[in-house]
Amino acid sequence: MRNIFSSSHTTLYDQDTFYKPFERDLVRARYLVAIESPFITIKRISCLLPIITKLRNRGVKVVINTKPLDEHDTILRDWATYAIAELQEIGVKVLFTSGHHRKLAIIDDLVLFEGSLNILSQSDSCEIMRRIEDKVSVLQMLRFIGLEKWCK
């Protein structure tokens, strides 16, 4: 599904259409970006790191929740280790949750992306993501996943 379907507060994306609007929202972040992605790869981080670096330089809090390194296969563990070090070096807060499989992003208190796409590792899989522009949904998700305390 390559088409983008939208209603008043939500828009659907696939793996080909997701990153451009996601990056546009990232650039507009004023104070918070929270990303949950079980897998992290050097390839994807290298695409997003310039934007994340600019956010950190502007004082935007960036929190990433991923699976612990020992839950990755060998090659993925090496990629994740390197990528996490790059993120931590610029002041990104990296959290580790055992058994992690959620894929979502929160930007400020206004935008929520949720779906099946691993935001920090996606490369060649068929995925779906929904963008929801709704403060209530964002706050509800932060509380539901327990990230609220890390995002204050």
| field | Identified option (computed P(r) over Cα pairs in 10 Å bins from 0, in percent; candidates (1) 10, 31, 31, 21, 5, 0; (2) 11, 44, 37, 7, 0; (3) 10, 39, 39, 11, 1) | value | (2)
| message | Can you compute the FRET efficiency between S123 and S98 using 1/(1 + (r/R0)^6), with r the Cβ-Cβ distance and R0 = 22 Å? Round to the nearest 0.05. | response | 0.35
| message | Suppose all protein chains stay in the model; what accessible area per residue would a 1.4 Å probe give for region 68-152, in Å²? | response | 54 Å²
| note | Per the rule of 0.36 nm per residue minus the C-alpha distance, extending C47 to D78 adds in nm 9.4 nm
| remark: Taking every other residue with Cβ under 12 Å from the Cβ of S98 and scoring Lys and Arg +1, Asp and Glu -1, one gets -1
| request: Express the carbon and sulfur contribution to the solvent-accessible surface of the chain as a percent, rounded to the nearest whole number, probe 1.4 angstrom. | output: 52 percent
| message | Restricting to DSSP H runs of at least four residues, report the calculated mean residue ellipticity at 222 nm for the chain, -39500 (n - 2.57) per run over all residues, nearest 500 deg cm²/dmol. | response | -11000 deg cm²/dmol
| message | With θ taken as phi - 60° and the coefficients 6.51, -1.76 and 1.60, list the Karplus ³J(HN,Hα) couplings across region 85-91 in order, rounded to whole Hz; mark glycine and proline as x. | response | 4, 4, 5, 5, 4, 9, x
| Where both partners of a DSSP beta bridge lie in the chain, what percent of those bridges are antiparallel, to the nearest 5? | 70 percent
| For E127, solvent-accessible area (1.4 Å; no DNA, RNA or ligand), Å² | 40 Å²
| remark: With every protein chain in place, the accessible area of R58 for a 1.4 Å probe, in Å² rounded to the nearest 10, comes to 130 Å²
| request: Pick out which of V111, V60, V33 has the largest mean-square fluctuation in a Gaussian network model of the chain, springs linking Cα atoms closer than 10 Å. | output: V60
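The values are calculated or read from the model by the stated rules, or taken from the named source; none is laboratory data. What you are looking at is a predicted structure, and each value in this text was computed from that prediction instead of being measured. Positions of Cβ are backbone-derived with ideal geometry, glycine not excepted, and every protein chain shown enters the neighbour counts. The area values use the complete protein model at the heavy-atom level, side chains included, leaving out ligands, DNA and RNA. Shrake-Rupley method; radii C 1.70, N 1.55, O 1.52, S 1.80 Å.
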